[in-house]
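Some notes on the structure that comes next.
The values are calculated or read from the model by the stated rules, or taken from the named source; none is laboratory data. Please read these numbers as outputs of a predicted model, since none were measured by experiment. When we count neighbours, we look across all protein chains shown, and the Cβ atoms used for this are built from the backbone with ideal geometry, even at glycine. Heads up: the accessible areas ignore ligands, DNA and RNA and are worked out on the full protein's heavy atoms, side chains in. Shrake-Rupley method; radii C 1.70, N 1.55, O 1.52, S 1.80 Å.
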Amino acid sequence: WLDLTPEEARSGGSFNLTYTQLIPGSHGSIDRKRRTLKITVKANTKHGKEIRFKDQGHGHPQGINGDLIVKIRVDPGEGCRWDGDRIVKEVEVPFSTLILGGKVTVTLPDGVKGKITIPPFSQVGDRQRVKDIDIEFILSEIDELDEFQSDALQALRDVGL
């Protein structure tokens, strides 16, 4: 993997990648050799792009070295992760909002803030697409309940909810 920031992926440039190449040694042993390659990345390179370097991979006892395949990994931003070629941002949603529906505030990786509507009867793990990002609902963690909240939850439990 070659890790890049979004800015580096947009502008492109030359980057160094250090890796360990396995080379067949004498009497069936395997030697390790640290190598550094200069990798040129084109501007606007996308996450997941593969760059192949012929004969720069691991050695083979009966032949030439394999190819080294370097995959580009672009940092998706704070609180985000990649799921295939989609960026996923987790957003905490209170239990009552998941069940009843409502609005929550979301901050996208580019800093833009906005509110999204959570449909009634949403589930943890449900997603909503905003721009090119999947917003995934996770349950808000509760540190403590006040007496009113505790009584309300107890009353809901008493009626089977």
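Details
- Longest DSSP-loop-exposure-free segment, GluC sites (Glu not before Pro), the chain, at most 14 other Cβ within 10 Å: 1-77
- A 1.4 Å probe over all protein chains sorts 126, 134, 85, 110 by accessible area into 85, 110, 126, 134, starting with the largest.
- A straight chain from residue 64 to residue 142 at 0.36 nm per residue would run longer than the Cα-Cα distance by 22.2 nm.
- Per residue accessible area of segment 104-158, 1.4 Å probe, in Å²: 75
- Lysines whose Cα lies under 20 Å from that of residue 33, excluding same-chain neighbours fewer than 8 positions away: 54
- Using only side-chain charges placed at the Cβ, +1 for Lys and Arg and -1 for Asp and Glu, the dipole size of the chain relative to its Cα centre rounds to 1420 debye.
- What the Cα convex hull of segment 105-161 gives, in volume per residue, is 120 Å³.
- In segment 1-141, the C-alpha radius of gyration followed by the widest Cα-Cα span (Dmax) gives 21.8, 69 angstrom.
- Nearest 10 degrees, 0 to 90: helix 147-158 Cα axis against the chain principal axis: 90
- Average accessible area per residue (Å²) across segment 1-66 - probe 1.4 Å, nucleic acids and ligands excluded: 72
- Considering only alpha-carbon pairs that sit under 8 angstrom and 6 or more positions apart, the relative contact order computed for the chain is 16 percent.
- Net charge, residue 37 excluded, C-beta distance under 13 Å - Lys, Arg +1, Asp, Glu -1: +4
- FRET E, pair residue 150, residue 78, Förster distance 41 Å, beta-carbon r, rounded to 0.05: 0.75
- Taking all protein chains together and rolling a 1.4 Å probe, residue 26 ends up with roughly 80 Å² accessible.
- Computed FRET value (nearest 0.05) for residue 131 with residue 42, which takes r as the C-beta separation and R₀ as 25 Å: 0.55
- Of all accessible heavy-atom area on the chain, the percent that carbon and sulfur account for (1.4 Å): 51
- Estimated purely from DSSP H runs of n ≥ 4, each contributing -39500 (n - 2.57), the mean residue ellipticity at 222 nm for the chain is -4000 deg cm²/dmol once divided by its residues.
- Extension gain from residue 3 to residue 15, taking 0.36 nm per residue of separation minus the Cα-Cα distance: 3.3 nm
- Environment charge of residue 6, counting only residues whose C-beta is closer than 10 Å and scoring Lys/Arg +1, Asp/Glu -1: -3
- Note on segment 101-121 and segment 1-65: Cα centroid distance 40 Å, given to the nearest whole angstrom.
- All other residues whose Cβ lies under 9 angstrom from that of residue 104 are scored, Lys and Arg at +1 and Asp and Glu at -1, for a net of +1.
- Candidate cross-link partners of residue 103 among the aspartates and glutamates, defined by an alpha-carbon separation under 13 Å and a same-chain spacing of 8 or more, comprise 92.
- FRET E, pair residue 53, residue 112, Förster distance 35 Å, beta-carbon r, rounded to 0.05: 0.40
- Among beta bridges identified by DSSP and lying wholly in the chain, the antiparallel ones come to about 75 percent.
- Full extension of the chain between residue 99 and residue 30 gives 19.0 nm of extra length, using 0.36 nm per residue less the Cα-Cα distance.
- Phi angles across segment 36-52 convert, under the Karplus curve 6.51 cos²θ - 1.76 cosθ + 1.60 with θ = phi - 60°, into 3J(HN,Hα) values of 10, 10, 8, 10, 9, 10, 6, 4, 6, 5, 8, 4, x, 4, 10, 10, 9 Hz, Gly and Pro given as x.
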